[in-house]
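The values are calculated or read from the model by the stated rules, or taken from the named source; none is laboratory data. Quick caveat: nothing in here was measured; it's all calculated off a predicted structure. Neighbour counts run over all protein chains shown; Cβ positions are idealised from the backbone, glycine included.
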Amino acid sequence: MSSTRDAVLPIAPPGAEPIVTERLRLVPATLALARAELEDRAAFAALLDAHIPDAWPPQTVVEALPLFALWLQAAPACGGWFSWYALARREDGAASVLVASGGFIGPPLDGEVAVGYAVLPQFEGRGYATEMAGALVDWALAQPRVERVIAETEWANPASVRVLSKLGFVRSGNARAAEGLRFERGRDAAG
């Protein structure tokens, strides 16, 4: 496997399409969305066609938002390999609500991508993390040159460990961060 990233080898379809699950619509970040998220909440809501809760973004991603925007600016053709927004669809026809974000830390490297996810506290415990992460992992494993998806989490976050276990991930070592674990799921694992 090559260690060249998507900027050189097209790995994902340009402008990855939204993913629709039972309750969510996952929208891949674009540079316009990332900039609006940082600079103009009303424009961000309009671009997503969704209600943005006052608590947005989840605390675990606040510091990473400018980095995600820089990545999208540097590699706009890598649609899908960075952030995704999870919109809970409403049956009553009202605007969807932004409940979570997730995504990858860039295109595949040596057949591997790292997934992460975060749900706003008021939407935790409803299965959104499992639904979102499952759809993202399935999407990634359907892409060329992806053989496995990894995730790292802390023992202090048992909910995340449960999500990964439900999705067929197995422990594969220690995380880079202290007191954390690394999990992985290969193309042949059932989720």
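A residue that is touching a Phe, Trp or Tyr at 6+ places or on another chain (Cβ under 9 Å), more than 20 Å from Phe104 (Cβ to Cβ) and either assigned to a loop (DSSP other than H, G, I, E, B) or at pLDDT below 95 (or both) occurs nowhere in the range 34-48. Scanning the range 179-191 for residues that are at pLDDT 90 or above and either of a type in the set (Ser, Thr, Tyr) or out of contact with any Ser or Thr (no Cβ under 9 Å at 6 or more places or on another chain) (or both) turns up Arg185, Gly186. Checking the structure you have, find out if any residue of the range 20-33 is surrounded by fewer than 16 Cβ atoms within 10 Å (Cβ to Cβ), modelled with pLDDT under 95, out of contact with any Leu (no Cβ under 8 Å at 6 or more places or on another chain) and among the aliphatic types (A, V, I, L, M). No: the range 20-33 contains no residue that is surrounded by fewer than 16 Cβ atoms within 10 Å (Cβ to Cβ), modelled with pLDDT under 95, out of contact with any Leu (no Cβ under 8 Å at 6 or more places or on another chain) and among the aliphatic types (A, V, I, L, M).
Taken over the range 58-85, the residue count meeting the criterion of being in contact with a strand residue (DSSP E or B) (Cβ under 7 Å, 6 or more places away or on another chain) and either among the aromatic types (Phe, Trp, Tyr) or more than 16 Å from Pro18 (Cα to Cα) (or both) is 8. How about the range 117-135: which of its residues are over 14 Å from Lys166 (Cα atoms) and in contact (Cβ under 8 Å) with a residue 40 or more places away in the chain? Selection gives Tyr117, Ala118, Val119, Leu120, Pro121, Gln122.
So which residues in the range 57-101 are free of Cβ contacts under 8 Å to residues at least 40 places away in the same chain and buried (at least 19 other Cβ atoms within 10 Å of the Cβ), if there are any at all? If the condition is that a residue be free of Cβ contacts under 8 Å to residues at least 40 places away in the same chain and buried (at least 19 other Cβ atoms within 10 Å of the Cβ), then Phe68, Ala69, Trp71 are the ones that fit.
Please determine whether any residue of the range 52-69 is at negative phi, among the small types (Gly, Ala, Ser), modelled with pLDDT of 90 or more and outside any helix (DSSP H, G or I). Yes, some residue in the range 52-69 is at negative phi, among the small types (Gly, Ala, Ser), modelled with pLDDT of 90 or more and outside any helix (DSSP H, G or I).
Rundown of residues vs (1) outside any loop (DSSP other than H, G, I, E, B); (2) among the aliphatic types (A, V, I, L, M); (3) modelled with pLDDT of 90 or more; (4) surrounded by 14 or more Cβ atoms within 10 Å (Cβ to Cβ), yes/no style:
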{"residue": "Gly125", "(1), (2), (3), (4)": "no, no, yes, no"}
{"residue": "Thr130", "(1), (2), (3), (4)": "yes, no, yes, yes"}
{"residue": "Leu136", "(1), (2), (3), (4)": "yes, yes, yes, yes"}
{"residue": "Trp139", "(1), (2), (3), (4)": "yes, no, yes, yes"}
{"residue": "Ile150", "(1), (2), (3), (4)": "yes, yes, yes, yes"}
{"residue": "Ala156", "(1), (2), (3), (4)": "no, yes, no, no"}
{"residue": "Ser160", "(1), (2), (3), (4)": "yes, no, yes, yes"}
{"residue": "Leu164", "(1), (2), (3), (4)": "yes, yes, yes, yes"}
{"residue": "Ala177", "(1), (2), (3), (4)": "no, yes, no, no"}
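Taken over the range 37-55, the criterion of being crowded, with 20+ Cβ neighbours inside 10 Å and either farther than 23 Å from Val20 by Cα or not aliphatic (A, V, I, L, M) (or both) is satisfied by Glu37, Phe44.
Cβ-Cβ contacts under 8 Å between residues 6 or more apart (or on different chains), taken from a first residue in the range 159-170 that is more than 14 Å from Ala118 (Cα to Cα) to a second residue that is assigned to a helix (DSSP H, G or I) and hydroxyl-bearing (Ser, Thr, Tyr), are listed as Lys166/Thr130; Leu167/Thr130.
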